[in-house]
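What follows is a set of notes on a single structure, which appears directly below.
Readers should treat all values here as calculations from the given coordinates under stated rules, not as data from a laboratory. Note that the structure is predicted; figures quoted are calculated from it, not measured. Cβ sites come from the backbone with ideal geometry, for glycine too, and all protein chains shown count toward neighbours.
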Ligand code: SAH
Ligand code: SF4
C-alpha cells in the first residue's frame, strides 16, 4: 500500500516552511500556500493561481487537502443551528455544528469518532469509541465551517457589517469525543487554529471541554496554555458521579477537584463547570448546595445544560423552574455565577450530547 500523502491541514506554519525547505521550493511560495489554505479557504490546488504550475503539481503529487466531504447537512427549524455530517478518509464520519446566535458564530467540533468515556446520557458515549481524529481532521472541521460562513445564505442571524461575511471567532471542542483523551492531536490543531496569519482564533475563544481526564488537566496547567477550560461535573459526590460518568471510577472526584485547583492556581483562570440537569437525579436544591460547597473558593462559573434526549437514556431535563431555583441557590448562597444553556438545534439532534454517527464496537478506557 502506498504511504498516505501528507495532509496539508496537519501542518503548522513552521512545519509547512520546513517541508518547503526540504523540497527546495521557493520560500516565498509557502506564504502564498498558507494564505490560500487559511485566508482564501481554497478547496483545490487549481484554486491557487498565484502558485507556479510546477509547485502545484508537486503539491498535488506529494500532499493532499484533508477536505472533509459533507455527507449530510441539516438546519434547525429556528435557523440558528446547522449540523454537518462530515466524511473522513477510511469511511468514518463526524458531526460538526455551526451555531449562530446572540451575534456570535461558534463552531462545535469533534475530537474523536465516538467516545470511550461512556457517559450514560450522551449519544456519543452510547455509540462507543472508534478512533482519535488527526490534527488535520480537527482543523478541517473549523475550515469547513469558516468556508460555509462565506456563503451569503449563512450570513443572517450574525451581527456584522452589511456585505461582510461573518468570521469564525469561537470554537468549542464539545462535539463528539473527549478532547483530553486525544491531547496531542487536539493541541496541535489548536496551534494551527490560533496562527495569527491564518484563522487567527483567540486562545480564550477556544474552549476545551473535558469529562475530567485528570492527567490532561494537569498537563494543560503545566503547559500554561491560554485556552478556556470547561469541566463536565454533573454531580458533587463520587457515588452520584460514578453512576452518570463511569470514567469517574478511574479519575475520582477528589483527584479531579485537586487537578482543577492546580489548574486555576497555575494559570489564574476560572474554569467553567458543566452540569447536565437531569430531573430528580441532580437538579434539586440539595444538589445545588452540594455543588456550591464543592466549588467554594474556586474561580468558577457553572453552565447548566438541560438534558437533551438521546436514544439510550430515559431521563428528562426537568422544568425551567428547577433550573432557575438551582441558579438562585448558587448565586444567593454561594455567590457562584451560572448560566442555563439555551436549547437550540434539538430538532436536528445537534444539541449537547446528541452527536453520534454509526454504532461502533468501542472499548472503554
Ligand atoms: N467529552 C467532553 C466534550 C463533549 S460533550 C465532555 O464530556 O465534556 C459536551 C458537553 O455536553 C458535556 O458537558 C456533556 O456532559 C454534555 N452532554 C452530554 N450528553 C448530554 C445530553 N444528553 N444533554 C445535555 N448535555 C449533554
Ligand atoms: Fe464522551 Fe463527553 Fe459524551 Fe462523556 S459526555 S461520553 S466524555 S463525549
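Observations, loosely collected:
- Counting only helices (runs of 4 or more DSSP H) that fall entirely inside the stretch 215-329 and contain at least 2 residues that are away from ligand 2 (no atom under 16 Å from the Cβ) and in contact (Cβ under 8 Å) with a residue 12 or more places away in the chain, the qualifying elements are 253-267, 285-295.
- When residue 273 is tested against (1) over 15 Å from the mean Cα position of the chain (by Cα); (2) over 21 Å from residue 336 (Cα atoms); (3) within 16 Å of ligand 1 (Cβ to nearest atom), exactly one condition is not met: (2).
- Residue list for the stretch 43-69, restricted to those being under 30 Å from residue 103 (Cα atoms) and either out of contact with any helix residue (DSSP H, G or I) (no Cβ under 8 Å at 6 or more places or on another chain) or exposed (fewer than 13 other Cβ atoms within 10 Å of the Cβ) (or both): 69
- Being in contact with a helix residue (DSSP H, G or I) (Cβ under 8 Å, 6 or more places away or on another chain) and within 15 Å of ligand 1 (Cβ to nearest atom) holds for only one residue in 105, 113, 94, and it is 94.
- Across the stretch 232-252, the qualifying residues are those that are more than 15 Å from ligand 1 (Cβ to nearest atom) and in contact with a helix residue (DSSP H, G or I) (Cβ under 8 Å, 6 or more places away or on another chain), and the one among them that is farthest from residue 214 (Cα to Cα) is 237.
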